[in-house]
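Step one of this worksheet: look at the structure below.
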Amino acid sequence: MGDPEEPPTVRLGSVGSTQDVARDLPIGSVVVADHQTAGRGRLSRAWEAPPGTGLHASFVLRAAPLLSLAAGVATAQACGPAVRLKWPNDLLLGERKLGGILVEVSGQKAIVGIGINLKWAPPGAARLGMPRDQLLEDLQRLLPRWASAAGPEILTTWRTLSATLARRVRVELPDRVLEGVAEDVDENGSLVVDGVPVSAGDVIHLRM
Ligand code: BT5
């Protein structure tokens, strides 16, 4: 039996999405599942993985302005030194996608969903040879630490882990496409492309 005061870690076999279970739990809770039948990414896209092949976890944290980048930093550090971040917070191994992060805010809570490929990856994507529970343990230690870190520390560390900065990028905005050099992330976490801050959108790394 766990401590009744302690936020729960809920371990599930199969679930629709860990995000939907986490939404009703207190801050500090974690939901992890062997399989998701309706795992999702951003913008209603799907996150897919066969049963037992990856880490699928949702962390309930207190909503904060740079939480999305902070979660990227924590996850990259948990995955190890070869892993880099593509803005806003895709995890890359080389140029290939290893994992992704979905942040959904609900009142004071932010549900931070993390998917990492471990034993399997779709064509063109990457996977990490690490035991799931070790990765989960490292995330449980690193996420709360980065979620409460000061903005400048988050931004400085994000920059050192970034695969996007100094690259030519194409950003698909709702109303237009922007191409240029990703110069920096600003104090709001926006990506600055040729002087233009971009707060949301999909980034494609272009060849130099
Ligand atoms: C993401 O979205 O990358 C965020 C993924 C978050 C998944 C976690 S799992 C635990 C929690 N519960 C959920 O329901 N979700 C979170 P986005 O940047 O929109 O990328 C989605 C795109 O990645 C898809 O359209 C596919 O092209 C691709 N994709 C899907 N499954 C993948 C996989 N296993 N590995 C690599 N790419 C994948």
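The values are calculated or read from the model by the stated rules, or taken from the named source; none is laboratory data. All figures in this text were calculated on a predicted structure; none of them were measured in a lab. When we count neighbours, we look across all protein chains shown, and the Cβ atoms used for this are built from the backbone with ideal geometry, even at glycine. With ligands, DNA and RNA removed, areas are computed over all heavy atoms of the protein, side chains included. Shrake-Rupley method; radii C 1.70, N 1.55, O 1.52, S 1.80 Å.
Go through (1) within 15 Å of the ligand (Cβ to nearest atom); (2) under 11 Å from the mean Cα position of the chain (by Cα); (3) modelled with pLDDT of 95 or more and name the single condition Ala70 misses.
(1)
Which numbered condition in (1) under 20 Å from Val203 (Cβ atoms); (2) open to solvent by 10 Å² or more (accessible area, probe 1.4 Å); (3) away from the ligand (no atom under 14 Å from the Cβ) is the only one that Glu153 fails?
(1)
So for the stretch 128-149 (the condition being touching a helix residue (DSSP H, G or I) at 6+ places or on another chain (Cβ under 9 Å) and basic (Lys, Arg)), does at least one residue qualify?
Yes, some residue in the stretch 128-149 is touching a helix residue (DSSP H, G or I) at 6+ places or on another chain (Cβ under 9 Å) and basic (Lys, Arg).
From the list Arg145, Arg159, which one is in a helix (DSSP H, G or I), open to solvent by 80 Å² or more (accessible area, probe 1.4 Å) and in contact (Cβ under 8 Å) with a residue 60 or more places away in the chain?
Arg145
When you scan the stretch 1-116 for strands (runs of 3 or more DSSP E) that lie fully inside it, which ones turn up with 2 or more residues that are in contact with a strand residue (DSSP E or B) (Cβ under 6 Å, 6 or more places away or on another chain) and open to solvent by 60 Å² or more (accessible area, probe 1.4 Å)?
Where strands (runs of 3 or more DSSP E) fall fully within the stretch 1-116 and carry at least 2 residues being in contact with a strand residue (DSSP E or B) (Cβ under 6 Å, 6 or more places away or on another chain) and open to solvent by 60 Å² or more (accessible area, probe 1.4 Å), they are 9-15.
Select from the stretch 170-180 the residues that are in a strand (DSSP E or B), open to solvent by 50 Å² or more (accessible area, probe 1.4 Å) and not acidic (Asp, Glu) and list them in ascending order.
Within the stretch 170-180, Arg170, Val177 meet the criteria.
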